[in-house]
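Before any comments, here is the structure.
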Amino acid sequence: MKAEETVDSQKELQRAKNTAYRLLAFRARSCKELETKLYEKKFNPAVICTVINDLIRLGYIDDEAFALQWSSSRLRLQGFGERRIRQELKQKGISADIISHASSAIFSSEVQFQTALRSARKKLNTLKIHDRESARRRVAAFLERKGFAYDTIAEVMRKIN
């Protein structure tokens, strides 16, 4: 009976590892994110803990590297501001210390301004049919949803005048 339980637990462990590898092959994930996915797949908590620890030990999960990569990617590809990216990282289970470190490494006021300005100009091009004041309000609201700080939005609005 013990041998069967060991074989079953080894099979479940291997299935959990394979599931984790498939998830990580799609994109990098935070530790908490991967743990949640494995719980959703109904794996035993002890098995999940073992898999997570093995993946951390092997370097497949690194929340610090994930936070830097996620922040850089979302800034570059989506044009999101620091506030929005911080919120996303928090939702993915990244600690406040790691989020702060990633933010300070990625975001400078100049990077924020240039990203917001680029997004604002792009949005403004789609609003040609609206009057000037309405277009300005819409652009400011758009930048706020993108996660930019009020100071950055005000500076961009002065620039695009």
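One table, with the values for the structure above:
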| read-out | value |
| --- | --- |
| Extension gain (nm, one decimal) between GLN69 and LYS37, 0.36 nm per residue minus Cα-Cα | 9.5 nm |
| Neighbour cut-off at most 15 other Cβ (10 Å), DSSP loop, trypsin sites (Lys or Arg not before Pro), region 1-75 | ARG27, LYS41, LYS42 |
| Estimated inter-spin distance, ASP8 and LEU23, nm [label 7 Å along Cα→Cβ] | 2.3 |
| Average accessible surface area per residue within the chain, 1.4 Å rolling probe, Å² | 63 |
| Virtual spin-label span in nm between SER95 and ARG121, 7 Å along Cα→Cβ | 4.1 |
| 14 Å beta-carbon shell around GLU64, net charge (K/R +1, D/E -1) | 0 |
| Where a label projected 7 Å from the Cα of ARG15 along Cα→Cβ would reach, residues of region 40-79 with amide N under 18 Å | 40-52 |
| Heavy-atom accessible surface of region 52-141: percent carbon and sulfur, 1.4 Å | 49 |
| Base-10 log of normalised Debye intensity for region 1-78 (one unit scatterer per alpha-carbon) at q = 0.16, 0.25, 0.26 Å⁻¹ | -0.61, -1.15, -1.21 |
| Dipole of the chain, positive end: most advanced residue of LEU13, ASN44, ALA141 [Cβ charges, Cα centre] | ALA141 |
| Sparsely packed trypsin sites (Lys or Arg not before Pro) within region 87-161, loop by DSSP, other Cβ within 10 Å at most 16 | LYS128 |
| Violating pairs (Cα-Cα greater than 22 angstrom) within the set LYS128/LYS159; LYS17/LYS90; LYS90/LYS123; LYS90/LYS159 | LYS17/LYS90; LYS90/LYS123; LYS90/LYS159 |
| All Cα pairs of the chain, percent lying beyond 19 Å | 63 |
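The values are calculated or read from the model by the stated rules, or taken from the named source; none is laboratory data. Everything numeric in this text was worked out from a predicted model, so none of it was measured. FYI the Cβ positions are ideal-geometry reconstructions off the backbone, even for glycines, and counts take in every protein chain you see. To get the accessible areas, we keep the full protein, side chains included, count just its heavy atoms, and leave off ligands, DNA and RNA. Shrake-Rupley method; radii C 1.70, N 1.55, O 1.52, S 1.80 Å.
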